[in-house]
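Participant: Here it is, the structure in full.
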Amino acid sequence: MSQANSSNQIKNQSPNSPFSNFLADLKSLYPNFRFQPGPRFLFRPPNTIFYEPSNPNDTNNSFQDFALQLLHELGHAVSGHRNFQLSIDRIKIETEAWHAAQTILENHPNLQTKYHLFFNQDFTEAHLDTYRRWLHQKTTCKKCGLTMFQDKNQTWYCPHCDLI
């Protein structure tokens with residue numbers, strides 16, 4: 001999404017929409033973090049959370065999905081995530097961020113009531129599955145199909161092809 005499209009979507013967004021109101025509530029509850037529109041949902045340490053603005057013409061972009069993804073990025077922020085060394089750590093921090101998102105929602109029942117939000121474990125698992133597939137693809141040896149391992153220098157080795 002271009003920056004112009006992103007800005008237009010924000011301008012077209014009703015100031016009283018659940019998207020805008022939810023964002024305002026999170027900014028109020030978490031003033032140490034900056035929430036900015038961007039091309040995708042992303043946490044940029046130390047304190048910036050980018051979100052993909054809702055598109056009023058996109059029928060697949062539900063408020064529930066938007067809220068959970070935004071809470072997930074906030075989960076990275078409150079968990080103090082910076083970056084990861086090993087690829088397996090990526091799944092760990094993604095899982096931690098989803099747990100933090102759930103905790104944030106549980107700690108603010110007013111958000112659940114006001115916006116009719118619930119923590120959707122299926123939504124979470126679907127997002128985590130993308131990282132699981134990524135890791136599986138990354139760790140599969142292209143020569144023999146065995147699962148490779150990564151050393152502390154982030155180098156991948158196949159136990160069959162590289163160590164015999």
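Participant: Which of the residues belonging to the range 66-91 are modelled with pLDDT under 95, among the charged types (D, E, K, R) and part of a helix (DSSP H, G or I)?
Facilitator: D89, R90
Participant: May I ask you to list the residues in the range 131-153 that are loosely packed, with under 10 Cβ neighbours inside 10 Å and either in contact (Cβ under 8 Å) with a residue 40 or more places away in the chain or in a helix (DSSP H, G or I) (or both)?
Facilitator: Q137, K152
Participant: What pairs come up if the first residue lies in the range 32-43 and is in contact (Cβ under 8 Å) with a residue 12 or more places away in the chain, the second is among the aliphatic types (A, V, I, L, M) and loosely packed, with under 15 Cβ neighbours inside 10 Å, and their beta carbons are under 7 Å apart, counting only those six or more places apart or on different chains?
Facilitator: Listed by first residue and then by second, the contacts come to P37/I10; P39/M1.
Participant: Has the range 132-143 got at least one residue that is within 21 Å of A77 (Cα to Cα) and under 16 Å from the mean Cα position of the chain (by Cα)?
Facilitator: Taking every residue of the range 132-143 in turn, none turns out to be within 21 Å of A77 (Cα to Cα) and under 16 Å from the mean Cα position of the chain (by Cα).
Participant: Follow-up question, since we're still on this one. E125 - would you say it is within 16 Å of the chain's Cα centre (by Cα), within 24 Å of K27 (Cα to Cα), acidic (D, E) and in a helix (DSSP H, G or I)?
Facilitator: No, not satisfied.
The values are calculated or read from the model by the stated rules, or taken from the named source; none is laboratory data. The shown structure was predicted, so the numbers you read here are calculated from the model rather than taken from an experiment. Glycine also receives a Cβ, built like all others from the backbone with ideal geometry; neighbour counts cover every protein chain displayed.
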